[in-house]
Structure formats: structure tokens, C-alpha cells
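The values are calculated or read from the model by the stated rules, or taken from the named source; none is laboratory data. Note that the coordinates shown come from a computational prediction; the quantities given were computed from them, not determined experimentally. Quick reminder, even Gly has a Cβ in these numbers, built from the backbone with ideal geometry, and neighbours come from all protein chains shown.
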Amino acid sequence: MMNPEQYVQQKAAASGSSFYYAFLFLPRPRRAAITAFYAFCREIDDVVDEVSDASVARVKLAWWQSEVAKSFNGQPSHPVMQALMPHTAAYGIESRHLQAVIEGCLMDLDQTRYLDYPGLQRYCHLVAGVVDEVAAQIFGQTDPATTVYAHSLGQALQLTNILRDVGEDALRGRIYLPVNELQQFDVKAHEILKREYSERFTALMRFQAERAHRLYDEALALLPAADRRTQKPGLMMASIYRTLLTEIERDNFQVLHQRVSLTPLRKLWLAWKVQALGRM
């Protein structure tokens with residue numbers, strides 16, 4: 001039997017995510033906290049991604065909502081919550097943070113389209129902004145203004161994710177790119193669902209990529225100088241994801257039939273550069 005710590009370690013590492021590289025440089029207690037929190041996010045995410053029946057997924061997410069409530073009342077039953085709860089007080093992790101992540105994933109069950117960018121921003125805030133808010137606290141945030149940076153960085157990271165996964169999401173019948181922006185560039189939903197490239201699609205994607213770059217710039221400008229050092233893991237994430245965004249651009253947005261990714265070695269190198277040289 002695995003203990004809760006081993007369970008979350010395995011859950012976090014198995015995803016092969018860029019987050020994993022950012023955590024490597026953290027001191028042990030912070031690393032244990034972020035690993036448990038990240039494993040929680042993966043559990044919730046997996047419900048939506050792996051359960052094809054929406055009503056079953058809803059039941060599972062309702063179970064998680066009650067598990068979070070019980071855990072904050074001192075009765076965690078799932079190994080992820082057993083691993084996370086000892087860290088909540090030290091790092092200001094509240095029930096509302098975890099419930100927001102669940103709410104974001106419930107949005108995935110309720111809607112497969114977003115009418116406009118403000119609608120998409122709300123989704124990004126729940127599934128990424130709140131996650132980055134908690135991460136910033138675990139990393140050792142000292143200035144309250146760092147939360148605004150974290151929310152902004154979450155938007156940038158999630159939009160990068162969306163651009164990378166356009167083809168994969170289309171296979172699930174989902175399009176996150178705002179409907180009014182598809183219309184603006186005269187791209188039809190069925191073209192994306194059928195994974196058809198066009199100059200119009202490339203123009204739409206270029207518009208989205210420029211927005212993502214602006215979000216990275218805004219986030220970095222918002223990070224208070226006092227927290228530059230504590231927030232290095234977040235800056236590693238920014239560096240890895242922004243490099244991914246640049247790769248997608250360089251590939252001329254060929255995201256409908258493949259998932260553009262960076263090699264583990266490249267991710268490790270980008271993380272190390274931020275850690276050792278403070279450079280992105």
C-alpha cells in the first residue's frame with residue numbers, strides 16, 4: 001500500500017507536466033505541499049478528461065466537493081486530501097480555493113463553447129488563476145500584490161494550454177477559442193472539429209498567441225520585486241510555457257493534428273536557467 005505522500009508524488013510525476021520541473025528546486029516542505037496540491041488538481045482534471053459520461057463525471061465531482069468540505073472539517077478520506085491537509089494552515093490554502101478548481105472543471109461539463117473572451121477568462125481564472133494563487137502562497141509569497149501577478153500568469157499559462165490543445169479538444173467536441181473571435185476571423189466551428197487548416201485559422205491563432213504574449217508581459221510586470229526570488233518556480237513555468245508558445249508559432253500553428261511539446265531535457269534546462277541565472 002502506498003502512503004498518501006507516495007500517492008501524490010506518483011500522481012504528480014506521472015502527468016509528465018512542466019510543473020514537475022519547477023518543483024524540483026523547492027525546499028522539502030514546500031515541495032510536499034505543492035506536490036499534494038498539484039495532485040489534487042490532476043485528480044479533478046482527470047474526472048473530466050477520462051470519464052466520457054457527463055452524468056458520471058458530475059457525480060464524481062460532487063463527491064470531491066463533499067470530500068473537500070469534510071477534509072476541512074478534519075475528516076479527509078482520499079489520499080490526496082490526507083497528503084494536502086497538513087499543509088493548508090501553513091500556506092493559507094482554503095476550502096474556497098479547492099472548490100473553485102472543481103467549479104472550473106464543472107464548467108467543462110456544462111459548456112463546450114465560450115461566447116467571448118471575458119467568458120473564457122472566467123474559466124481560466126477558476127482552472128488556472130486560482131491554482132497559481134495557491135502556488136504563489138506555497139512558494140513563499142510575502143507581498144499581497146503577488147496574488148494579482150499569479151492570477152495574470154494563470155491566464156497566460158491556460159491560454160497557452162488551450163492553443164496547444166486545439167486539436168485534442170476538438171476530438172472531444174470542445175472549442176475554447178471564443179465564438180465571436182472565430183466569427184471575426186471567419187473560421188467555422190466545423191472546420192476546427194474536422195481539423196481543417198486555413199489561412200483564416202492561422203490568423204485567428206496568431207491573434208490568440210499575441211494575446212498570450214501580452215499576458216506573460218503583464219504578469220511579469222505585476223510581480224513585486226520583493227517576491228522575485230520566492231516566485232522562481234512560477235517564473236520557471238512561465239519560461240517553459242512561453243517557449244512552448246514560441247514553438248507553436250514557429251510551427252505555424254500546426255496544432256490540429258498534433259500536440260506540440262518540449263522535451264524533458266529542454267524543460268529542465270529552462271527551469272535551471274531561471275533557478276541559477278534568474279533568466280527567462
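Here Gly129, Gly92 are screened, and the one residue that is crowded, with 23+ Cβ neighbours inside 10 Å, in contact with a helix residue (DSSP H, G or I) (Cβ under 6 Å, 6 or more places away or on another chain) and not hydrophobic (A, V, I, L, M, F, W, C) is Gly129.
Note on segment 56-85: residues that are in contact (Cβ under 8 Å) with a residue 24 or more places away in the chain, over 12 Å from Ile44 (Cβ atoms), surrounded by fewer than 20 Cβ atoms within 10 Å (Cβ to Cβ) and not small (Gly, Ala, Ser) amount to 2.
Within segment 1-38, the set of residues being within 20 Å of Ala271 (Cα to Cα) and touching a Lys or Arg at 6+ places or on another chain (Cβ under 6 Å) comprises Ser15, Ser18, Tyr21, Phe23. The criterion of at least 3 residues that are among the aromatic types (Phe, Trp, Tyr) is met by the following helices (runs of 4 or more DSSP H) wholly inside segment 177-251: 199-222. Pairing residues of segment 138-166 that are in contact (Cβ under 8 Å) with a residue 40 or more places away in the chain with residues that are hydroxyl-bearing (Ser, Thr, Tyr) and assigned to a helix (DSSP H, G or I), at Cβ distances under 7 Å and at least 6 apart in sequence or on separate chains, gives Ile138/Tyr91; Ala156/Tyr216; Leu157/Tyr241; Thr160/Tyr241. For segment 215-228, check the following and say yes or no: at least one residue is without any contact (Cβ under 8 Å) to a residue 40 or more places away in the chain and either acidic (Asp, Glu) or crowded, with 21+ Cβ neighbours inside 10 Å (or both). Yes.
For the condition small (Gly, Ala, Ser) and part of a helix (DSSP H, G or I), Ser77 does not qualify. Against the list (1) assigned to a helix (DSSP H, G or I); (2) in contact with a Leu (Cβ under 9 Å, 6 or more places away or on another chain); (3) over 16 Å from Ala212 (Cα atoms), the condition Leu262 fails is (1). Output the residues belonging to segment 229-274 that are touching a residue at least 40 places away in the same chain (Cβ under 8 Å), surrounded by fewer than 13 Cβ atoms within 10 Å (Cβ to Cβ) and either farther than 30 Å from His190 by Cβ or not assigned by TED's automatic domain parsing to the domain that holds Leu159 (or both). Correct list: Pro264 only. Just the residues that are over 18 Å from Gln6 (Cβ atoms) and aromatic (Phe, Trp, Tyr), please, taken from segment 20-52. Of everything in segment 20-52, those that are over 18 Å from Gln6 (Cβ atoms) and aromatic (Phe, Trp, Tyr) turn out to be Tyr21, Phe25. Scanning segment 86-112 for residues that are in contact (Cβ under 8 Å) with a residue 40 or more places away in the chain and out of contact with any Leu (no Cβ under 9 Å at 6 or more places or on another chain) returns His87, Ala90, Tyr91, Gly92, Asp108, Thr112.
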